[in-house]
Amino acid sequence: MADKYDVIVIGSGPGGYVAAIRGAQQGLKVACIEGWQDDSGKQVLGGTCLNVGCIPSKALLEISHKYEEAKHGFDHQGLKVGKLDVDVAQMMSHKEKIVGNLTGGIAGLFKSNGVTSIQGWGRVLNSKQVEVTDAKGKTTTYSAENIIIATGSRPIEIPPAPLTDNKIVDSTGALEFDDVPKRLGVIGAGVIGLELGSVWSRLGSEVTILEAQESFLGTVDQTIAKDALKHFRKQGLDIKLKARVTKTEVKRNLVYVTYEDSDGKEQQFKCDRLIVAVGRTPNTEKLFSSDSGVDLDERGFVFVNDDCETNVPGVYAVGDVVRGPMLAHKASEEGIMVMDRIAGKATEVNYDCIPNVIYTHPELAWVGRTEEELKAEGEAYKVGTFTFAANGRAMAANAPEGLVKVIADEKTDRVLGVHIVGHQASELIAQGVIAMEFGSSAEDLALTCFAHPTLSESLHEAALGVDGMAIHKANRKRKKK
Ligand code: FAD
Ligand code: NAD
């Protein structure tokens, strides 16, 4: 039996590594187990987020947006550029450098905080013990007062589109193309399909996205989703709704995709590469010994309560491996909350205030309730909107697309949701999150002074619009909902 720890964290993604650092800050003796290693056998810290998720995708989104702007958005602003080209190899090495810096940074943070990093795959045994198997198959058993499971998730595979080397790929493969595919197919118009579809579309691919659902981004406020769909289609993304893939075949270096269209008719298209982005599934296989006692839910997620406690006292789970949105910041919030509770500090995650962002252009960002949810629940609410087309800063930035929508409780005026489609929506949404976290009313936002000229003024105007008092638009007489 090896060392005993106050807390053993399994997984070093944003759920696990943040928890580990927080635990050490709280004076706990913490170890973090990670099995991922590179070709040289070196441990890879940072999980999906840093290595094959948030960070590399955002690097490619930033680069491709610059390219697209230079190619199509400069002329009418009086900027002339010479011949523009894409060097995919250089783009990828730039992305890898960013990833390397960040993952290396975690190793440094572990060291400076005194977190012990253990390389190998962990398995939860009974009596709060964890067995770790290293790359050579050697096992060591550690014991702890507490265990935090943060093993994350992986892409779902579907039978009609089995992955093949380089041709039919998941999100990880789509971050590693060595050239710009002439025609790109995507299955799933969710977050990954839209973000990675946008990357390659901007760089020159003709992109077709098949989405099984009839509504576009069905869980997003539909004012925002419908506006975004209009922009994406204008950009050239061929998004087909209610389109269900039935078969794929790789022939002569091309992928043939057969699908049933919205009229139930069989259709086919061919592409050079196909991305499968139909959701993710939790990493819980082989994670527990048969007598660990930890319950999973019917979809294979570790079953936890609001405090991320499993049914076994002292065993917790956070991040993608448990219910709720699969988001890096949600994972980190849960990791911090659990460590603080272990250290004896009463704290909780406010699940009503977790922002979501889709990093397309325009970006989508939202927090709180949608109008559709409130309508379905029969809640009385009021709405204010403001378009970026009437915002001076958005015009100056050549980004007049989109709008801000603020939803407030009809009686109390408390902000229930903020929904944005537009330039830098990812940054703007933090203001909505803070407002909601502090229980602000729409009037509180309306009475706040916003700097001019800023995109944030659209949030101000939307809040003023909740009571029909926006300054820079003609207010419609407000109807009671
Ligand atoms: P992970 O990050 O998946 O980390 C889990 C870690 O546990 C991995 O390193 C894994 O190797 C390790 N592990 C698994 N099993 C074991 C075991 N038995 N023993 C030891 N180690 C183990 N989210 C956002 O909020 N914003 C974004 O912009 C965003 N972009 C994304 C883009 C893409 C392409 C993808 C795929 C995801 C994106 N996400 C984004 C989602 C985000 O990456 C995840 O929500 C987040 O990484 C979840 O964190 P986690 O710590 O729960 O799990
Ligand atoms: P998703 O759930 O966002 O979207 C999957 C889409 O695929 C859905 O619209 C679904 O209806 C569709 N679909 C499912 N099966 C299909 C089929 N057989 N044919 C056609 N369409 C089908 O999942 P994702 O895009 O794979 O992303 C996975 C997770 O990663 C998400 O939950 C997200 O939270 C996270 N993520 C977040 C970000 C971000 O925060 N910006 C970025 C990328 C990923």
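The strands (runs of 3 or more DSSP E) falling completely within segment 112-217 that include 3 or more residues that are closer than 30 Å to Gly73 by Cα and of a type in the set (A, V, I, L, M, F, W, C) map to 183-187, 206-210. Reported count of residues in segment 362-377, each being part of a strand (DSSP E or B) and open to solvent by 10 Å² or more (accessible area, probe 1.4 Å), is 3.
The set of residues in segment 98-128 being of a type in the set (S, T, N, Q) and open to solvent by 40 Å² or more (accessible area, probe 1.4 Å) consists of Asn101, Ser112, Asn113, Thr116, Ser117, Gln119, Asn126, Ser127.
Determine, yes or no, whether Glu62 is of a type outside the set (A, V, I, L, M, F, W, C), within 16 Å of ligand 2 (Cβ to nearest atom), open to solvent by 50 Å² or more (accessible area, probe 1.4 Å) and over 26 Å from Val321 (Cβ atoms). So Glu62 passes the test.
Of the residues making up segment 235-264, just one is in a strand (DSSP E or B), open to solvent by 90 Å² or more (accessible area, probe 1.4 Å) and without any contact (Cβ under 8 Å) to a residue 60 or more places away in the chain, namely Arg244. Among the residues of segment 22-42, those that are open to solvent by 70 Å² or more (accessible area, probe 1.4 Å), within 16 Å of ligand 1 (Cβ to nearest atom) and part of a loop (DSSP other than H, G, I, E, B) comprise Trp36, Asp39, Lys42. For the structure I just gave you, tell me whether Asp261 is under 30 Å from Gly122 (Cα atoms) and modelled with pLDDT of 95 or more. Answer is no for this residue. Examine segment 416-423 for a residue that is closer than 26 Å to Trp200 by Cα, of a type in the set (Gly, Ala, Ser) and at pLDDT 95 or above, and state whether such a residue exists. Yes, segment 416-423 contains at least one residue that is closer than 26 Å to Trp200 by Cα, of a type in the set (Gly, Ala, Ser) and at pLDDT 95 or above.
The single condition among (1) assigned to a helix (DSSP H, G or I); (2) under 30 Å from Gly314 (Cβ atoms); (3) open to solvent by 50 Å² or more (accessible area, probe 1.4 Å) that Asp6 does not meet is (1). Among residues of segment 121-132 that are farther than 10 Å from Ile8 by Cα, those with a Cβ under 6 angstrom from a residue that is more than 9 Å from ligand 1 (Cβ to nearest atom) and assigned to a strand (DSSP E or B), sequence gap 6+ or separate chain, pair up as Arg123/Glu131; Val124/Phe288; Leu125/Glu131; Glu131/Thr139; Glu131/Thr141; Val132/Thr140.
Just to verify a result, which residue in segment 165-207, among those that are among the β-branched types (Val, Ile, Thr) and crowded, with 21+ Cβ neighbours inside 10 Å, is nearest to ligand 1 (Cβ to nearest atom)?
That would be Ile192.
Out of Glu348, Glu371, which single residue is away from ligand 1 (no atom under 14 Å from the Cβ) and over 13 Å from Thr223 (Cβ atoms)?
Result: Glu348 is the single residue among Glu348, Glu371 that is away from ligand 1 (no atom under 14 Å from the Cβ) and over 13 Å from Thr223 (Cβ atoms).
Per this entry, Phe232 is counted among residues that are open to solvent by less than 20 Å² (accessible area, probe 1.4 Å), in a helix (DSSP H, G or I), in the same structural domain as Asp178 (by TED's automatic domain parsing) and modelled with pLDDT of 95 or more. In this structure, His94 qualifies as surrounded by fewer than 18 Cβ atoms within 10 Å (Cβ to Cβ), over 30 Å from Ile342 (Cβ atoms) and away from ligand 1 (no atom under 16 Å from the Cβ). Among the residues of segment 128-152, just one is in contact with a Ser or Thr (Cβ under 6 Å, 6 or more places away or on another chain) and within 16 Å of ligand 2 (Cβ to nearest atom), namely Gly152. Can you find a residue that is of a type in the set (Ser, Thr, Tyr) and in contact with a Lys or Arg (Cβ under 8 Å, 6 or more places away or on another chain) anywhere in segment 372-385? Yes, segment 372-385 has at least one match.
Among the residues examined, Gly15 qualifies as of a type outside the set (A, V, I, L, M) and either closer than 19 Å to Thr133 by Cβ or within 16 Å of ligand 2 (Cβ to nearest atom) (or both). Within segment 346-358, residues that are open to solvent by less than 30 Å² (accessible area, probe 1.4 Å) have Cβ atoms under 7 Å from residues that are part of a strand (DSSP E or B) and away from ligand 1 (no atom under 15 Å from the Cβ) in no pair, counting only partners at least 6 apart in sequence or on another chain. Counting the residues of segment 378-398 that are hydroxyl-bearing (Ser, Thr, Tyr) and either part of a helix (DSSP H, G or I) or open to solvent by less than 10 Å² (accessible area, probe 1.4 Å) (or both) gives 1. Which one is least open to solvent (accessible area, probe 1.4 Å), of the residues in segment 399-443 that are touching a Gly at 6+ places or on another chain (Cβ under 9 Å) and basic (Lys, Arg)? Of everything passing the filter in segment 399-443, Lys405 is least open to solvent (accessible area, probe 1.4 Å).
If you go through segment 303-327 and keep only what is outside any loop (DSSP other than H, G, I, E, B), among the hydrophobic types (A, V, I, L, M, F, W, C) and within 15 Å of Val18 (Cβ to Cβ), you end up with Ala317, Val321.
For segment 232-244, the criterion of a residue being under 24 Å from Gly73 (Cα atoms) and polar (S, T, N, Q) is satisfied by at least one position.
The values are calculated or read from the model by the stated rules, or taken from the named source; none is laboratory data. Just so you know, these numbers come straight off a predicted model, no measurement behind them. No Cβ is skipped: glycine too gets one built from the backbone with ideal geometry, and neighbour counts run over all protein chains shown. Surface areas here come from the heavy atoms of the whole protein model, side chains and all, with no ligands, DNA or RNA. Shrake-Rupley method; radii C 1.70, N 1.55, O 1.52, S 1.80 Å.
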